[in-house]
Amino acid sequence: MAEASRILHTTLIPNFSTPTHKTPCCSPRSLSHPTTSHYYSRRATTFVRCSISTAGDAARTAEAANSTIPWGCDVDSLENASALQKWLSDSGLPPQKMAIERVEVGERGLVALKNIRKGEKLLFVPPSLFITADSDWSCTEAGEVLKRNGVPDWPLLATYLISEASLMKSSRWSNYISALPRQPYSLLYWTRSELDKYLEASQIRERAIERINNVTGTYNDLRLRIFSQYPDLFPEEVFNMEAFKWSFGILFSRLVRLPSMDGRVALVPWADMLNHSYHINWLRWIHFWIMTSHQRELSLQQIGHISQVSSCCHFVIAEKDAEKEALTAVQPFSLHNAIQVFISYGKKSNGELLLSYGFVPREGTNPRDSVQLSLLLKKSDKCYKEKFEALRKHGLSASQCYPVQITGWPLELMAYAYLAVSPPSMIGKFDEMAAAASNKTTSKKDIRYPEIDEQALQFILECCESSISKYSKFIQQSGSMDLDVTSPKQLNRKLFLKQLAVDICTSERRILFRSQYILRRKLRDIRSGELKALNLFDGFRKLFK
């Protein structure tokens with residue numbers, strides 16, 4: 001499931017007042033390695049099994065690669081699937097028409113056990129099974145400390161997951177936690193050197209670094225302001241950086257926002273076992289219900305279809321007029337005559353899917369794929385100062401990235417290009433251009449300056465070709481890239497990361513190639529028109545001579 005915002009804000013936790021006292025101990029039980037069952041992988045191609053490290057330097061990388069948290073399960077394990085289903089049923093989940101099975105698309109997923117009619121209610125999860133910031137803590141003292149210090153929902157839920165996981169069978173959620181991945185596929189687990197090496201050509205690298213820094217900073221704030229003040233409640237051997245990367249990896253990939261519950265974020269067990277497909281528009285629709293508070297019986301008129309209404313969720317309760325945005329579907333799947341049930345994670349690019357879920361769809365299969373194209377205002381520009389001030393006024397900088405899709409680019413990108421190439425004689429238009437280049441404005445204006453169309457398109461083309469050069473260089477060098485590892489497990493991991501990087505670079509370069517073709521054609525048409533005009537002018541001049 002998707003993130004609660006396009007990227008985690010730099011400051012997740014406000015400044016807390018430093019506690020001056022300690023509460024009685026509520027220490028977790030000693031950790032053991034449980035037998036666990038389920039995780040759904042998002043990737044539509046074969047994964048290389050690997051151990052993920054989080055350390056930033058070479059020494060810690062080797063150590064972290066061999067370490068795992070003592071809960072969760074392997075990505076393809078079905079060992080405890082029946083225990084999970086039984087626990088859910090005992091906890092109020094109605095009889096299900098689906099079960100967890102190994103599948104080709106996603107390693108494990110939910111498959112339908114019987115025929116499903118169009119419009120049939122397929123999934124129903126009572127709110128008592130939601131995990132929210134209001135959920136009861138097994139260690140009540142720990143929860144009270146965090147809430148008393150005003151910890152926001154995201155870090156609160158991350159800490160809650162770790163606390164409950166560390167209690168093993170003593171936690172109400174033990175069967176659910178044992179079904180979560182021991183090592184989520186997430187860029188949170190990439191080291192800085194790996195990001196620099198494998199994603200040097202992609203703008204997703206910057207977002208990954210920012211996200212990792214945010215999660216790391218959040219943990220450090222919690223450790224400094226709360227955990228160190230209450231070591232009996234939050235022992236370092238449990239509440240450490242490894243555990244927080246795990247818990248945030250779970251939240252980024254599974255947390256949903258439910259408008260029917262005042263926009264609260266929640267983990268929804270069982271519903272979050274659904275795999276992703278971008279092809280659901282070609283398949284038959286099914287309705288997907290999640291029970292909300294104060295509702296016992298739901299109808300189509302009451303809740304409508306599932307819809308993705310923000311970038312933070314797989315699915316949300318939507319209004320009836322969102323019917324065309326329904327996201328769930330079933331697709332025939334040849335496994336014991338079962339069909340796998342899919343859900344879309346929203347209109348996300350391959351880079352966003354890699355960032356939160358750790359997979360890249362096959363090239364050309366994601367109709368919503370995009371690449372971030374970087375545009376830079378040159379310091380040698382005679383009006384650099386004036387242009388920079390206009391950009392800054394509207395919340396922009398001298399270097400901006402805009403999403404480019406296979407079908408084209410946004411109006412904001414063209415407006416920025418106009419500003420970048422505009423001559424001093426157009427200084428009075430700088431503010432208008434900068435405003436149009438900002439995605440913070442509510443009214444989008446398709447501004448046009450025909451006199452500098454050619455220069456603006458040429459500017460975009462040069463930026464595009466510069467990015468293509470970086471992608472091509474990486475892809476060319478990736479075949480002979482020295483992986484520099486001796487451990488077979490580490491070798492598998494490096495191969496896995498390199499393949500992900502090649503996949504994302506190939507898909508993003510494909511979009512840039514298409515943009516390059518469109519830009520060259522537009523420029524050719526402009527220049528061809530100018531040539532015709534010049535020839536016509538010369539003809540008239542000779543006539544009058």
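The values are calculated or read from the model by the stated rules, or taken from the named source; none is laboratory data. On a predicted model such as this, the values are computed, not experimentally measured, just so you know. Using ideal geometry, Cβ is built from the backbone for each residue, glycine included, and neighbour counts are taken over all protein chains shown. Heavy atoms of the whole protein, side chains included, go into the accessibility calculation; ligands, DNA and RNA do not. Shrake-Rupley method; radii C 1.70, N 1.55, O 1.52, S 1.80 Å.
For region 80-209, report the accessible area per residue in Å² (1.4 Å probe, heavy atoms, rounded to an integer). Numbers along the way, then the final one.
On the way: 4700 Å² over 130 residues.
For region 80-209, the per-residue accessible area is 36 Å².
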Ranking S349, S260 from most to least accessible area with a 1.4 Å probe gives S260, S349
Order H276, H394 by their accessible area, 1.4 angstrom probe, all chains in place, largest first. H394, H276
Go through region 517-529 residue by residue and turn each phi into a ³J(HN,Hα) via Karplus (6.51, -1.76, 1.60, θ = phi - 60°); whole Hz please, and just put x for glycine and proline. 4, 5, 5, 5, 5, 5, 5, 4, 5, 4, 5, 5, x
For W137, what is the net charge nearby, where nearby means another residue's Cβ is under 9 Å from its Cβ and Lys, Arg count +1, Asp, Glu -1? -4
List, in the order given, every pair from K378/K473; K347/K385; K347/K445; K387/K445; K97/K498; K245/K347 whose Cα-Cα distance in the structure shown is over 29 Å. K347/K385; K97/K498
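Could you state the accessible area per residue of region 365-431 in Å², with a 1.4 Å probe and every protein chain left in place?
Working: 3290 Å² over 67 residues.
Accessible area per residue, region 365-431: 49 Å².
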Note, region 147-160: 3J(HN,Hα) by Karplus (6.51, -1.76, 1.60, θ = phi - 60°), whole Hz, Gly/Pro = x, goes 5, 5, 8, x, 5, x, 4, 4, x, 5, 5, 4, 5, 4
So, by mean Cβ neighbours within 10 angstrom, what's the order for 413-423, 464-474 with the highest one leading? 413-423, 464-474
